[in-house]
Structure formats: structure tokens, C-alpha cells
Amino acid sequence: MKITIIGSGYVGLVTGACLAEVGNHVLCLDVDARKIEILNSGGIPIHEPGLLEMVQRNRSAGRIAFTTDVEQGVAHGMVQFIAVGTPPDEDGSADLQYVTAAARNIGRHMTGFRVVVDKSTVPVGTADKVRAAIAAELAARGVEVPFTVVSNPEFLKEGVAVEDFMRPDRIVLGCADDAEGERGKQLMRALYAPFQRNHERMFFMDVRSAELTKYAANAMLATRISFMNELANLAERLGADIELVRQGIGSDPRIGYHFLYAGAGYGGSCFPKDVQALARISEDAGCPSRILSAVESVNDQQKHVLAAKIVKHYGEDLSGKKFALWGLAFKPNTDDMREAPARVLIRALLARGAAVTAHDPVAMDEARRVLALDMADHPDWLTRMHYAETPEAALKGAQALIIITEWKAFRSPDFDVIKGALTDPLIVDGRNLYDPQIVKAHGLRYLPIGRPGG
């Protein structure tokens with residue numbers, strides 16, 4: 001099948017590469033010429049395990065190509081995936097300008113039946129807007145061309161996105177209840193058949209339910225994270241251990257263990273903006289969500305917890321003190337710095353006069369770019385922000401070690417090396433990576449989240 005992917009970011013590029021992997025002919029379209037140049041030169045503009053090799057393999061086989069030519073993109077695929085960004089607007093709602101621009105381009109150039117698939121995370125009712133934008137362009141051209149709009153939200157986790165696409169736990173498809181919608185449904189069924197050979201994973205529903213499903217899923221997961229963070233803060237006050245609490249409640253099959261880890265708050269491109277967007281959707285519908293407002297508020301506060309622990313230990317004035325920071329990306333296996341808790345922590349430390357030396361296995365270049373923008377109004381802070389090529393190098397001359405991203409490389413460190421390098425043998429652990437008793441046995445003090453320090 002011929003497929004066009006409009007937008008070559010995380011969602012679009014993973015979708016395109018995985019569809020090419022099973023034999024489709026995919027053309028990825030993007031208005032960002034720099035991004036297309038990287039792709040055409042054999043690279044990829046993001047870090048995602050397994051994606052580079054898949055793109056290179058299918059590019060060599062002639063199953064995936066990249067272009068900035070809109071007309072070529074619309075002409076190529078009977079199925080047109082819209083996978084462009086939907087950043088938060090000033091009021092928290094999703095900004096649909098790129099989605100509607102893609103829809104207009106499809107309507108401007110299509111000459112035959114097209115299945116237009118909303119792959120971007122979009123508010124309920126977006127398919128209607130996409131349909132209207134395409135219809136308006138066709139009317140302006142004075143032509144009648146059949147098409148249908150399908151909602152097919154993505155459920156990809158950064159760091160394991162390729163695995164998630166190739167072995168999905170569900171495929172949600174919202175289709176219109178008319179002749180074109182039925183035709184689109186059958187095409188989507190055929191397109192996704194290779195990904196569900198073991199058992200049925202497709203959930204067909206109306207378009208609006210599919211649009212809401214994506215927001216509901218992310219909001220539920222974000223709620224679990226914020227709830228556990230609140231419990232962790234309570235556990236510290238009560239002298240309880242949040243890790244033992246997690247095991248106790250997670251063993252209940254009605255609850256389960258997923259997303260029950262306390263930490264320094266969630267970040268990334270999905271949870272923060274999707275919680276905000278769903279809260280805005282709820283408000284606009286006349287039933288504001290108090291739960292979502294609380295989830296967002298708790299998460300914002302949680303990003304300040306590590307700085308608060310450090311200030312409690314050392315005092316408000318951190319001038320002359322240096323901290324080693326392990327981790328920068330919002331989660332492991334990605335270089336994504338969007339809404340990363342590390343950004344909040346670093347700003348808090350530098351504002352109090354401290355110096356920071358950070359190490360991250362893959363996010364160093366992106367962190368340099370993002371943090372330079374974050375601190376453009378405080379250029380003196382940047383002189384105290386440093387980067388180390390190894391975790392051990394970051395420790396040199398530091399008062400204490402702070403961990404904020406749970407990379408596997410940080411899970412089994414040499415605690416004796418850490419103690420020997422630090423001027424004050426202290427680990428502040430924002431991800432509860434270690435057994436407090438083991439850390440204590442090596443002569444280190446330990447400040448985790450919601451746990452005794454050993």
C-alpha cells in the first residue's frame with residue numbers, strides 16, 4: 001500500500017518506518033527542509049532506539065523516502081497520515097494550526113479518494129475541522145473528490161516507540177458511519193493486519209470516542225504518577241516507605257504496578273500538554289475537571305522537590321557549591337528535554353549560586369541547546385552550567401550527586417567511587433534507584449523520594 005506521512009517527528013517517523021518495515025511504500029513529508037535533509041543523508045533528527053537502523057534499512061530497500069514537496073506527498077498515498085505537532089496554546093488548549101494546514105494542503109491537491117488519518121493527538125471534534133478544511137479547498141477548486149477522515153491516535157512511549165508500534169497492545173480507529181467511512185475502515189484494517197497476527201487488537205469506534213480515548217489514556221497515567229508523588233511526600237512526613245507501599249498496592253490486580261513509581265515529576269511531549277488540553281476541553285464543555293487541575297498542580301510542585309531537599313540540607317545560599325547531576329532527558333532512552341524536571345532543578349540550583357556538572361548518555365547536545373534558551377535572560381548562570389562525558393567525570397569536585405533520570409547505566413554504580421569523589425558524601429535520588437541500606441553501608445547519606453534515607 002502507498003502511504004503518505006505528513007510530519008516527520010517522533011510519531012510520524014516511527015509510523016512511517018514501521019509501516020515500511022512490513023512492505024508498504026511510504027513517503028514522509030515535512031515542511032522543515034533541514035529535517036528532510038538529515039533524513040535524506042542517512043540520519044534521523046531524533047534519538048529513538050532501533051529507529052535509525054529501521055529507517056536506513058527501508059530507505060535502502062526503496063520502501064521509504066522523504067520530501068518537502070506537498071503536491072508529491074498528496075499524490076503518493078491513498079492513506080494520508082497527519083502526524084504534525086499540536087503544541088499547547090496560551091490557554092492550554094491544543095494548537096491545531098499545523099493539523100488544519102495539512103488538511104488544507106490535502107484538499108488543495110488531492111485528485112482521487114483519500115483516507116485522511118489524524119495520528120496527532122488532537123481534541124475531540126478535530127476530525128470535523130479536518131473534514132471541513134478539506135471540503136472547503138475542494139469547493140474552492142470546484143471539484144468533488146470522495147474522502148474520509150479517520151481518528152487513529154498513537155500510543156507510543158518514547159524510548160520504546162518502535163517496539164510499541166510493531167507489537168501494539170491496541171489499535172484504536174474512529175471511522176465515519178457512511179460509505180466512505182466503511183471504505184476507510186477496510187483500508188485501515190488491511191494496513192494494520194500485519195501488526196495483529198496473534199490476536200485481534202483493533203478497536204473500531206466512532207471518531208469522537210477515538211479522539212477522547214487518547215487524552216483519557218494519558219490523563220489516567222499522569223494521574224497515577226501524581227497520586228503516587230503525593231503519597232510519597234506523605235510517606236516522608238509519616239515515616240513510611242513509599243516503595244513498600246507501592247509493592248503493597250501494586251499487588252492488587254485491580255491496580256497493578258505500572259506508573260506507580262514516585263519521583264521528581266513527569267515531563268515530555270505528551271503528558272503535560274495532554275493533561276492541559278483535556279482540562280481545557282472539559283472546561284469548554286461546561287464540566288471542568290478538578291482532578292486534572294490537581295494532577296497538573298501536583299506535578300508542577302513535584303519538580304521542585306529535589307531543590308527543596310537540597311536547600312533544606314545546605315541552606316538557601318548555594319554559592320560556591322557544585323552538584324553532579326546524572327540525567328537530563330525527561331526519561332531514559334530519549335534525548336527529549338521537553339518539560340524535563342531537570343530543567344526546573346537546574347534553574348533552581350543556578351539561581352541560588354550553585355554550579356552544576358551534568359551527564360546524560362544521549363541528551364547532552366539537546367540539553368545544551370534547551371538550557372541556553374532557558375537561561376537567555378541569565379547569561380551568568382550558563383557560566384556555572386557544565387557537562388561531563390562520563391558519570392564519573394561529573395562527580396569531580398562536587399558536593400553531592402543528584403539523580404533525576406533513571407538510565408540503566410546509573411542503576412549499579414560503584415558507591416565507593418562516588419563517596420571518594422564527593423566532598424560531602426550525599427546522594428539525592430529523584431528516582432529511588434537504590435536500596436537505602438546499601439547506600440548507607442558505603443558511608444553515603446541518601447535522600448530519596450518518600451523513603452527513609454538509610
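The values are calculated or read from the model by the stated rules, or taken from the named source; none is laboratory data. Computed from a prediction, not measured in an experiment: that's the story for all the values here. Every residue, glycine as well, gets a Cβ built from its backbone with ideal geometry; the counts of neighbours run over all protein chains shown.
Couple of notes before you dig in:
- Taking the listed residues 106, 44, the one that is in the same structural domain as residue 135 (by TED's automatic domain parsing), among the β-branched types (Val, Ile, Thr) and not in a loop (DSSP other than H, G, I, E, B) is 106, with no other qualifying.
- In segment 319-341, residue nearest to residue 432 (Cα to Cα) [restricted to those that are of a type in the set (Gly, Ala, Ser) and part of a loop (DSSP other than H, G, I, E, B)]: 327
- Picking from residues in segment 167-190 that are basic (Lys, Arg) and not in a loop (DSSP other than H, G, I, E, B), the one that is farthest from the chain's Cα centre (by Cα) is 183.
- Those residues of segment 47-82 which are under 21 Å from the mean Cα position of the chain (by Cα), under 21 Å from residue 120 (Cβ atoms) and in a loop (DSSP other than H, G, I, E, B), in sequence order: 47, 48
- Test: residue in segment 191-206 that is aliphatic (A, V, I, L, M), closer than 24 Å to residue 23 by Cα, part of a helix (DSSP H, G or I) and not assigned by TED's automatic domain parsing to the domain that holds residue 270: yes
- Selection from segment 160-186 of residues that are among the hydrophobic types (A, V, I, L, M, F, W, C) and surrounded by fewer than 18 Cβ atoms within 10 Å (Cβ to Cβ): 160, 166, 179
- Restricting the first member to segment 303-326 and to residues that are touching a residue at least 60 places away in the same chain (Cβ under 8 Å), and the second to residues that are surrounded by fewer than 22 Cβ atoms within 10 Å (Cβ to Cβ) and among the hydroxyl-bearing types (Ser, Thr, Tyr), the beta-carbon pairs closer than 6 Å and six or more apart or on different chains are 324/357.
- Here residue 266 qualifies as closer than 27 Å to residue 345 by Cα, buried (at least 18 other Cβ atoms within 10 Å of the Cβ) and either assigned by TED's automatic domain parsing to the domain that holds residue 344 or touching a Pro at 6+ places or on another chain (Cβ under 8 Å) (or both).
- Single unsatisfied condition, residue 132 versus (1) of a type in the set (A, V, I, L, M, F, W, C); (2) surrounded by 15 or more Cβ atoms within 10 Å (Cβ to Cβ); (3) assigned to a helix (DSSP H, G or I): (2)
- Any chance residue 390 is closer than 19 Å to residue 312 by Cβ, touching a residue at least 12 places away in the same chain (Cβ under 8 Å), among the hydroxyl-bearing types (Ser, Thr, Tyr) and outside the structural domain of residue 241 (by TED's automatic domain parsing): no
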